[in-house]
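Here's the structure we're looking at; comments come further down.
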Amino acid sequence: MKRFNITKPDDAIREEIVCKINNLTKPKGALGRLEDIALQVAMIQQTTSPALKNPQHIVFAADHGIADEGVSLSPKEVTWQQTLHFLKGGGGVNFLCKQHGFALKVVDAGVDYDFPADSGVIDRKVRKGTANFLHGPAMTKTEMEQCLEHGAAIVRDSFNEGCNIVSFGEMGIGNTSPSSVWMSSFTGIPLEHCVGAGSGLDSEGVRRKYAILKKAMENYPGNNTPPDLISRFGGFEMVMAIGGMLQAAEQKMIILVDGFIMTNCILAASKLYPQVQDYAIFAHQGDETGHKRLLEHMKAEPLLNLGLRLGEGTGALCAYPIVDSAVRMINEMDSFQETRVTKYF
């Protein structure tokens, strides 16, 4: 498999960062989560004066063979339709990128559609959708490798463009299904607690979805290693996101993690390289069944809980101003030494 060089942030600077935060003109701990985020960002960047530069948002899009089983309320053609919509600028992800100053990249990881050459999509199509994992592997090991490399290459480009904070989104009808299977497989949480409504299934639809995914897991003859589970059940867009996350951690970039699907992607990434989670800020607890339980399993405390279930990375983008506020706090507040304010703790 492709190798990544991911190391934990050096702990030697921690005391200096904590001292700076504690001596800002406020009671110790009074800015709560902002102090935690400032510490994490400063540790990632190994400085007491961190900075957020050229934020980028990367949306990977692909289709899923499992969608043929009716596991999603939305028809498969919505994948390519919405992908084109993002490129025209009218999607949910677009106004949030514009609001928060993110450059948007839209990547065709494996959409069952031929995009026009002038559409603006970044073409990294592996194949026109994964195979149906009810009956066999969603992708080959070679295709998984391609996805990891493509995702990593997109993030390397972002890094070379001066980006040091990146968020990821996805577009792929049916992708809550592989996410649910990954969640159960990687955590041991029973599948019934991992399967939700996706884009809007009713209770009967959720029960049918669960039965199909349960059968798919029963049909799996593999060895339960992370690479095997990733290729057996994953989506092309999801594995590219894993490659992107691992590359971002190698480049010591900040990773804003979105909702249920992207949380499962960083879960899978952490099974390959546990250190990746040190670079992750969990942005949002989505409305999908299982997401809260998954975050608790990962000991991750999300910044927001807005009831979002759109995907696209919208929750990560909504959380960016909080991260920005944390960085402004550590850089722009005075210290007690710099003012005539008596230290009051």
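The values are calculated or read from the model by the stated rules, or taken from the named source; none is laboratory data. Nothing here was measured: the structure is a model prediction, and the numbers come from that model. Don't worry about glycine lacking a Cβ; one is built from the backbone with ideal geometry, like all the others, and counts go over all protein chains shown.
Of the residues that sit in the stretch 40-67 and are surrounded by 15 or more Cβ atoms within 10 Å (Cβ to Cβ) and out of contact with any helix residue (DSSP H, G or I) (no Cβ under 9 Å at 6 or more places or on another chain), which one is farthest from residue 207 (Cα to Cα)?
Residues of the stretch 40-67 that are surrounded by 15 or more Cβ atoms within 10 Å (Cβ to Cβ), as a first pass: 40-45, 48, 50, 52, 54-67.
Add one more test, that the residue is out of contact with any helix residue (DSSP H, G or I) (no Cβ under 9 Å at 6 or more places or on another chain), and what stays is 45, 65.
Details: 45: 46, 65: 19 Å.
The extreme case among them is 45.
Considering only residues in the stretch 243-288 that are within 24 Å of residue 162 (Cβ to Cβ) and without any contact (Cβ under 8 Å) to a residue 40 or more places away in the chain, the one that is surrounded by the most Cβ atoms within 10 Å (Cβ to Cβ) turns out to be 269. You will find that of 258, 202, the residue that is modelled with pLDDT of 95 or more and acidic (Asp, Glu) is 258 and no other. Only one of the numbered conditions (1) modelled with pLDDT under 95; (2) within 18 Å of the chain's Cα centre (by Cα); (3) polar (S, T, N, Q) is not met by residue 56, and that is (1). Considering only residues in the stretch 106-124 that are without any contact (Cβ under 8 Å) to a residue 60 or more places away in the chain and charged (D, E, K, R), the one that is surrounded by the fewest Cβ atoms within 10 Å (Cβ to Cβ) turns out to be 118.
Please find, among 159, 168, 186, the residue that is touching a strand residue (DSSP E or B) at 6+ places or on another chain (Cβ under 8 Å) and touching a residue at least 40 places away in the same chain (Cβ under 8 Å).
168
Does any residue of the stretch 324-331 turn out to be outside any loop (DSSP other than H, G, I, E, B), among the hydroxyl-bearing types (Ser, Thr, Tyr) and touching a Ser or Thr at 6+ places or on another chain (Cβ under 9 Å)? No, there is no match, as no residue in the stretch 324-331 is outside any loop (DSSP other than H, G, I, E, B), among the hydroxyl-bearing types (Ser, Thr, Tyr) and touching a Ser or Thr at 6+ places or on another chain (Cβ under 9 Å).
So which of 304, 317 ends up being more than 17 Å from residue 245 (Cβ to Cβ) and touching a strand residue (DSSP E or B) at 6+ places or on another chain (Cβ under 7 Å)? Being more than 17 Å from residue 245 (Cβ to Cβ) and touching a strand residue (DSSP E or B) at 6+ places or on another chain (Cβ under 7 Å) holds for just one of 304, 317, which is 304.
The single condition among (1) over 22 Å from residue 262 (Cβ atoms); (2) in the same structural domain as residue 278 (by TED's automatic domain parsing) that residue 74 does not satisfy is (1).
Sort through 249, 211, 241 and tell me the only one that's in the same structural domain as residue 133 (by TED's automatic domain parsing) and more than 23 Å from residue 314 (Cβ to Cβ).
Selected residue: 211, the only one of 249, 211, 241 that is in the same structural domain as residue 133 (by TED's automatic domain parsing) and more than 23 Å from residue 314 (Cβ to Cβ).
Of all residue pairs spaced 6 or more apart or on separate chains, those with beta-carbon atoms under 6 Å, a first member in the stretch 214-242 that is free of Cβ contacts under 8 Å to residues at least 40 places away in the same chain and a second member that is assigned to a loop (DSSP other than H, G, I, E, B) and surrounded by fewer than 20 Cβ atoms within 10 Å (Cβ to Cβ) are 228/222.
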